[in-house]
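K.L.:
One structure follows; several queries about it will come next.
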Amino acid sequence: MNKVEVIVRASSLHGKREIARLKESILSGIRTAGGFSVSEVDFPSGEGFPAILVLTGGVEREVLKVVSQLPPPAILIAHPGHNSLPASLEILARIRQDGGEGRILFGPPEEIAARLSRELRVVSAWEELRFSRVGLIGEPSEWLVASDVDRAFLKGRMGIELIKIPIDELIARVEKTRASRRDVARFTKEAVEVAEPSAEELRGAVAIYKAIRELVDEYRLAAFTIRCFDLVTQVQNTGCYALSRLNDERVPAGCEGDMQALFSLYLGSLLIDRPAFMANVTAVDVKAGKIHLAHCTCPLSLASGYAVRSHFESGIGVGIAARIPPGPCTVFRLGGERLDHLFVREGTIEETPLREDLCRTQLGIAIEGPIDTLLTEPLGNHHILLPGRHRETVEHFFTRFLTP
């Protein structure tokens, strides 16, 4: 969804020409600042995001009639003149008295456009998330004791179809799949180093990607998580390259069968329209306000460079040591069996010394805001890193669609 449909209400007491010029000035300003489609409609078509431009005062009851026919929340656009804001305040007060939801967008076109853009992202993410097909390849790993999701909730509240695929089905495909030199070169040609993995292990890692890609296509999966350590024990290789590449191909792919982390990863990638990074929280320094993340896979589109290493825990197969460049970021996780808990903070990725006793992709983050709840009220281990500042967007989605 990339279209805002605006219903305009103005009092007949105001001059028609002046009001027409004012309306066009406001709408064109938002259109230019936002970079999305903005059109005036008598009533929303359902193909765009609805908003009401309160152009003048004296239209309170008219606007309330419109609001009663729209899905919540009611979005009211106000401006400094013609008693637009006073009318909007009165309207929103009544909406809230009646138990409804709404908000007023007021300010320069850039601010209004930014908030409408956030609304578009949140609604688009919800529409794409609902009724999607999500895969669980193998059962969740035994050590994930707090990361499952209520399957009835997924189906009933979100309309999500959970597709369970036995891990043996994947392993059988892997054993039949072969990777060419060209397939391997696609992975290794940009690497700064290929360290431990042998040529056979590199081919095996690419074969795992091809086998999983077949499952994704055959079962029409929008996202999936995999019991990846069974690949280590049964195939003597890893899914680290496969998950890296699939995330870059815009198929959110999570590790270890962690369902809560998968939906966090899936949601994050939808909200920012680019891949996200799922990782272990390996250190928390409450006093310094810093955390450390690490994992053996990472979407290469997020990296400024990478080395091909072995898998950390097992020392076999293929792991990815990516370097994610310094800059602003958001760290978050949905938690609870109904995804009704949230941890989210913004911060800055910093250069950090690499350690050999952690997963291969590692980064330190200076976090804005308290982080003691990571140690006192954790939602689980895996958290999601989003490049850029997206806390308000994540919180807005959570409040609108997942808060009970």
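K.L.:
Can you compute 3J(HN,Hα) from phi for each residue in segment 305-321, using the Karplus curve 6.51 cos²θ - 1.76 cosθ + 1.60 with θ = phi - 60°, rounded to whole Hz and x for Gly and Pro?
P.N.:
The phi angles translate into x, 7, 10, 9, 10, 7, 5, 4, 4, 9, x, 10, x, 10, x, 10, 9 Hz.
K.L.:
Helix 84-97: angle to the longest alpha-carbon principal axis of the chain, degrees 0 to 90, nearest 10?
P.N.:
70
K.L.:
What number comes out for the charge environment of Gly289, summing +1 per Lys or Arg and -1 per Asp or Glu over other residues with Cβ under 11 Å away?
P.N.:
Cβ neighbours under 11 Å give a net charge of 0.
K.L.:
In addition: In degrees between 0 and 90, to the nearest 10, how far off the longest principal axis of the chain does helix 16-34 point, with axes built from Cα atoms?
P.N.:
10
K.L.:
Right, here's the next one. Specify the residue with the greatest mean-square fluctuation among Gly388, Gly100, Gly254, computed from a Gaussian network of the chain linking alpha-carbon atoms under 10 Å apart.
P.N.:
Gly100
K.L.:
Another question, if that's okay. For segment 3-129, calculate the relative contact order in percent as a whole number, restricting contacts to Cα pairs under 8 Å that are 6 or more residues apart.
P.N.:
28
K.L.:
Tell me, what HN-Hα J-couplings in whole Hz come from the Karplus equation 6.51 cos²θ - 1.76 cosθ + 1.60 at θ = phi - 60° for each residue of segment 230-242, using x for Gly and Pro?
P.N.:
Calculated HN-Hα couplings, in order: 5, 5, 5, 7, 9, 10, 6, 7, 10, x, 4, 5, 4 Hz.
K.L.:
Rounded, prolate or oblate: which fits segment 133-402, taking a ≥ b ≥ c as square roots of the Cα gyration tensor eigenvalues, rounded meaning a/c under 1.5, else prolate when a/b beats b/c?
P.N.:
oblate
K.L.:
Would you please give the residues with an amide H less than 5 Å from that of Cys228, counting only those at least 5 places away or on a separate chain, with H modeled from the backbone geometry?
P.N.:
Under 5 Å from the amide H of Cys228: Glu256, Gly257.
K.L.:
Considering Cα pairs under 8 angstrom that are at least six residues apart, work out the relative contact order of the chain and quote it in whole percent.
P.N.:
13
K.L.:
DSSP beta bridges in the chain, what fraction antiparallel, as a percent rounded to 5?
P.N.:
Counting only bridges with both partners in the chain, antiparallel ones make up about 55 percent.
K.L.:
Once both axes come from the Cα atoms, what is the angle between helix 259-272 and the longest principal axis of the chain, in degrees from 0 to 90, rounded to 10?
P.N.:
50
K.L.:
With Cβ to Cβ distances under 11 Å as the rule, what net charge do the other residues near Ile320 carry (K, R +1; D, E -1)?
P.N.:
+4
K.L.:
Moving on. List the GluC sites (Glu not before Pro) within segment 300-369 that DSSP assigns to loop and that have no more than 16 neighbouring Cβ atoms inside 10 Å.
P.N.:
Glu313, Glu351, Glu356
K.L.:
Sticking with this structure for a sec: How large is ³J(HN,Hα), in whole Hz, for each residue of segment 327-339 in order, when computed from phi with the Karplus curve 6.51 cos²θ - 1.76 cosθ + 1.60 and θ = phi - 60°, using x for Gly and Pro?
P.N.:
Each residue of segment 327-339 in turn: x, x, 7, 10, 10, 8, 7, 7, x, x, 5, 10, 6 Hz.
K.L.:
Only sites in a loop by DSSP and with at most 11 other Cβ atoms within 10 Å count here; which trypsin sites (Lys or Arg not before Pro) in segment 244-345 make the cut?
P.N.:
Hits after loop and neighbour filter: Lys287.
K.L.:
For Pro404, what is the net charge nearby, where nearby means another residue's Cβ is under 14 Å from its Cβ and Lys, Arg count +1, Asp, Glu -1?
P.N.:
0
K.L.:
How big is the charge dipole of segment 306-404 about its Cα centre, in debye rounded to the nearest 20, if each Lys and Arg gets +1 on its Cβ and each Asp and Glu gets -1 on its Cβ?
P.N.:
Roughly 320 debye, rounded to the nearest 20.
None of the figures in this text is laboratory data; all of them are computed from the coordinates on show. Computed from a predicted structure; not experimentally measured. Cβ: placed from backbone, ideal geometry, glycine included. Neighbour counts: every protein chain shown.
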